[in-house]
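The values are calculated or read from the model by the stated rules, or taken from the named source; none is laboratory data. Values in this document were obtained by computation on a predicted structure and should not be read as measured data. In this analysis, Cβ positions are derived from the backbone assuming ideal geometry, glycine residues included, and neighbour counts consider all displayed protein chains. The area values use the complete protein model at the heavy-atom level, side chains included, leaving out ligands, DNA and RNA. Shrake-Rupley method; radii C 1.70, N 1.55, O 1.52, S 1.80 Å.
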Amino acid sequence: MTDLLYMYFRPLTLLLVLFFSPLSEIQAQDLKDVHMTAPHPRLLMTKADEASIKASVKGNGFWRQVDSLLMKAANGALSLPAPQRIVTGRRLLDVSRETLRRVLLLGYAYRMTGDSRYAQRAEQELLSVSAFSDWNPSHYLDVAEMTTAVAVGYDWLFDVMSNDTKDTIRKAIIHKGLKPSFDAQYNGWLQKENNWNQVCNSAMAYGALAIYEDASTLADSVIQRSITSILKPMKNYGPDGAYPEGYSYWGFGTTYNVMLIDALEKCFGTDFNLSKQKGFLESAGFILHMVAPDHESFNYGDNKDTGRMSPAMFWLAKRNNDLSLLWNERSLFKRGNKKKLMDYRFFTLAMLWGAGVDMRHLPEPQQKTWVSPTAITPVALMRTSWDDTKAIYLAFKGGSASSSHAHLDAGSFVMVANGERWAMDFGRQDYHSLESLGLDIWNKTQNSDRWKVFRYTNLAHNTLTFNNCMQDVKGYVCLNGSSSLTKHPSVSADLTPVYPGQVKSAKRQVEIVDGKYVLVSDEIHTGKKSTTMRWTMLTPSDAKLKGKNKMVLSRNGKRLVMEVNAPVKVRLKTWSTSPTTSYDAPNPGTVLVGFESTLPANSHYKFRVKLIPE
């Protein structure tokens, strides 16, 4: 089989090696100098790992709780119907992800207990998806997650499956997983610099590593390609770890990236320097600070606000030798919805990477601010305390709408105080709801359909708008000043690049004053024409005007006062967030608050807005 595969793939492999070698000759050379010696199981959990996990479950209450949830979820999977090839819109992704969740759970349960019911049910899962006509290569994430699921199942159950079953699954990995990755109509992700590259390259490597003995030449070409190509998105962790696509996509791309590194180390004894890429290990600090005291995230761009356990953080905490990075993971587990955790396909990885860590005695993080001023998506993350649930949290961003999964939201912020999120972000609208109506939401030109979607525009974010115009898609905003003083952290940005032709200059500074309130300051220079400035803040609160310059926000029996100080007349207002088109999603329980002000030509004004929690 190996020789036949080599004849089939050799021309494509040579082209790929020639194409990718200039990027990283060190990695290409390293692969020739190492040998695969790891027996099955070798992906994620070796035989040695089994013993340490069992010991951790036996001796540690936290991991005993995690194990209990994993076993409960595995028992639930025993009675679920076999997966079917159901494509929703252009995606098979839900089926692929559910298959990965089940295989990890059932495989874990079998390896922890030896109960053959779990192995048999996992084998049924693998045979069912192996019989699919394909794994939907036109949307390659579907192939990637399915290949990962089948590769892990094949590896973990290798010693208990029949030769006929292994042959069927191995052929599926090759023909439905690896082979389409050499087809130019499907493998555009090789050139991408976003999570697609990380997920697809890692998944293809998993497929190759699982069947290595039977197709070593093919496997080597796939693994070498993955090691080299994945450097494209990994460079975006630099210089300091801010992941440009945000919290949720960090959880997707980085989890797969860690999975690849973990597998390479287990199989070859080296990660080919991938973990040494600038900013990669430091990105754990980014995620630590991205979770607010309300246990939700700073969800800019196409991200969900829900904070949940990030299994990759356990791997990164160990690699960084810094257990304070797990500060939020412990509370996210304790406070999180356990059903949602069991439904999360990566939940099993928390046990695989975290076992052995004493979660009862974690050190408190030392820094209360985290600033990345010049990343692809610059962010500043500030808080008054790590252990006070009433602490003030303020997060601010710059960046460009031209980057992956970005919105027109330069200058936007979120604020949490007294356990409530006063200034929020919608995050993304369901992709299928827009794609099914024919909207091209992946076009990033200025007049794209993407900017017809309310949630994606500056009108729906906590930033500025002039004459109801959109921010400039190509404009980029860095953070040009910050202070990490304990009682007065602040950050500033020149927003002018996203308002060309609208104003002469626009600058914003946000700060936490004396640990008591947030101050947002905007300095505006108008150009040759007058303009109407709109200052907005999205909130899930009830809002009432109080005089000419104050608004009181109420939520869950708590209040926040918004006080506007300006040298020119302002009109305090609220704006509805209800959809006005057939494609915009409903936004119940939210309202936009703020003010408008008409600014004459060639004028200069400074606006100061205090957000004071009572």
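How much solvent-accessible surface does Phe454 expose, in Å² to the nearest 10, with a 1.4 Å probe and all protein chains in place?
50
Length gain on complete extension for the stretch Asp134 to Asp343, per 0.36 nm per residue less the alpha carbon to alpha carbon distance? The partial results should precede the final answer.
Working: separation 209, 0.36 × 209 = 75.24 nm, distance 2.48 nm.
Fully extending the segment from Asp134 to Asp343 adds 72.8 nm.
As a test of reading the structure, rank Lys278, Lys397, Lys474 by solvent-accessible area (1.4 Å probe, protein chains only), most first.
Numbers: Lys278 140, Lys397 10, Lys474 175 Å².
Putting Lys278, Lys397, Lys474 in descending order of accessible area: Lys474, Lys278, Lys397.
Which whole-number percent gives the relative contact order of segment 472-528, counting Cα pairs below 8 Å spaced six or more residues apart? Before the final figure, lay out each step's value.
Working: 118 pairs, mean separation 16.3, N = 57.
Relative contact order comes out at 29 percent.
For the chain, with the dipole built from +1 on Lys and Arg beta-carbon atoms and -1 on Asp and Glu ones, taken about the Cα centre, which of Ile169, Ser412, Ser554 lies farthest toward the positive end?
Ser554
Just the Kirkwood number for segment 451-511, please: inverse of mean 1/r across all distinct Cα pairs, in Å, one decimal. The partial results should precede the final answer.
Values: mean 1/r = 0.0778 Å⁻¹.
That comes to 12.9 Å for segment 451-511.
With a 1.4 Å probe and every protein chain left in place, work out the accessible area per residue of the chain in Å², rounded to a whole number.
Details: 23500 Å² over 614 residues.
Accessible area per residue: 38 Å².
When only alpha-carbon atoms are used, what values of Rg and Dmax, in angstrom, describe segment 392-473?
Considering segment 392-473 through its Cα atoms, Rg and Dmax are 13.6, 42 Å.
Roughly speaking, to the nearest percent, how much of the chain's 1.4 Å accessible area is carbon and sulfur?
Details: 11780 of 23500 Å².
That fraction is 50 percent.
Enter the angle in degrees (range 0 to 90, nearest 10) between the Cα long axis of helix 216-229 and the first principal axis of the Cα atoms of the chain, meaning the one along which they spread out most.
Around 10 degrees separate the two axes.
With Kirkwood's inverse mean 1/r over C-alpha pairs for Rh, give me the Rg to Rh ratio of segment 89-226, two decimals please. Numbers along the way, then the final one.
Numbers: Rg = 14.3 Å, Rh = 14.8 Å.
Here the Rg-to-Rh quotient is 0.96.
Report the charge-dipole magnitude of the chain in Debye, nearest 20, computed about the Cα centre from +1 at each Lys and Arg Cβ and -1 at each Asp and Glu Cβ.
Details: 73 positive and 59 negative charges, 448 e Å.
Roughly 2160 debye for the chain.
Using only the Cα atoms of segment 311-385, build the gyration tensor, take square roots of its eigenvalues as a ≥ b ≥ c, and label the shape rounded, prolate or oblate: rounded if a/c is under 1.5, else prolate if a/b is larger than b/c, else oblate. Each step should come with its number before you reach the end.
Values: a/c = 1.72, a/b = 1.50, b/c = 1.14.
Since a/c reaches 1.5 and a/b is larger than b/c, the shape of segment 311-385 is classed as prolate.
In nm, to one decimal, how far is the Asn467 label point from the Ser505 one, both placed 7 Å along Cα→Cβ?
So the two model labels end up 2.1 nm from each other.
May I ask for the percentage of alpha-carbon pairs in segment 528-571 that lie more than 11 Å from each other? The partial results should precede the final answer.
Working: 685 of 946 pairs.
Of all Cα-Cα pairs in segment 528-571, 72 percent lie more than 11 Å apart.
Compute the relative contact order of the chain as a whole-number percentage, counting only Cα pairs closer than 8 Å that sit 6 or more residues apart in sequence. It would help to have the intermediate numbers written out before the result.
On the way: 1257 pairs, mean separation 61.1, N = 614.
Relative contact order comes out at 10 percent.
Would you rank Ser324, Ser436 by solvent-accessible area, highest first, keeping every protein chain in place and using a 1.4 Å probe? Numbers along the way, then the final one.
Details: Ser324 10, Ser436 70 Å².
Listed by decreasing accessible area, they come as Ser436, Ser324.
Going toward the positive end of the dipole of the chain, with +1 on Lys and Arg Cβ and -1 on Asp and Glu Cβ, which of Thr539, Leu141, Gln185 do you reach last?
Thr539
Restricting to DSSP H runs of at least four residues, report the calculated mean residue ellipticity at 222 nm for the chain, -39500 (n - 2.57) per run over all residues, nearest 500 deg cm²/dmol. Spell out each step's value before the answer.
Working: 18 runs with 222 residues, N = 614.
Result for the chain: -11500 deg cm²/dmol, rounded to the nearest 500.
How far is it, in nm, from the label point at Arg360 to the one at Thr113 when both lie 7 Å from their Cα along the line to the Cβ?
My value for the distance between the label points is 2.7 nm.
Excluding same-chain pairs closer than 8 in sequence, count the lysine pairs in segment 540-614 whose Cα atoms lie under 15 Å apart.
Count of close lysine pairs: 11.
Sum up the charges of everything whose Cβ sits under 13 Å from the Cβ of Ala51, counting Lys and Arg as +1 and Asp and Glu as -1, but leave Ala51 out. Mind dumping the intermediate values first?
Values: positive: Lys47, Lys54, Lys58, Arg111; negative: Asp49, Glu50.
With Lys, Arg at +1 and Asp, Glu at -1, the net is +2.
Would you work out the Kirkwood radius for the chain? I mean one over the mean of 1/r across all pairs of different Cα atoms, in Å.
On the way: mean 1/r = 0.0390 Å⁻¹.
Hydrodynamic radius (Kirkwood, Cα pairs) of the chain is 25.6 Å.
Of the peptides 286-293, 213-220, how do they stack up when ordered by the mean number of other Cβ atoms within 10 Å, highest first?
On the way: 286-293: 24.1, 213-220: 18.9.
Per-residue Cβ counts within 10 Å, averaged per peptide and sorted highest first, yield 286-293, 213-220.
Compare the peptides 244-257, 543-556 by average per-residue count of other Cβ atoms within 10 angstrom and give them in order, highest first. Please report the intermediate quantities before stating the final value.
Numbers: 244-257: 24.6, 543-556: 15.2.
For the peptides 244-257, 543-556, the packing ranking is 244-257, 543-556.
Using the structure shown, select from Lys318/Lys338; Lys390/Lys516; Lys304/Lys340; Lys192/Lys444 the pairs with a Cα to Cα distance greater than 21 angstrom.
Numbers: Lys318/Lys338 25 Å; Lys390/Lys516 11 Å; Lys304/Lys340 14 Å; Lys192/Lys444 15 Å.
Check vs 21 Å cut-off fails for Lys318/Lys338.
Sorted by mean Cβ packing within 10 Å, highest first, what order do the peptides 231-241, 584-594, 145-155 take? Don't skip to the answer; put the middle values down first.
Numbers: 231-241: 19.8, 584-594: 16.7, 145-155: 28.3.
Packing proxy ranking, top to bottom: 145-155, 231-241, 584-594.
Sum up the charges of everything whose Cβ sits under 14 Å from the Cβ of Val552, counting Lys and Arg as +1 and Asp and Glu as -1, but leave Val552 out.
Numbers: positive: Lys544, Lys546, Lys548, Lys550, Arg555, Lys558, Arg559, Lys610; negative: Glu420, Asp542, Glu563, Glu614.
The answer is +4.
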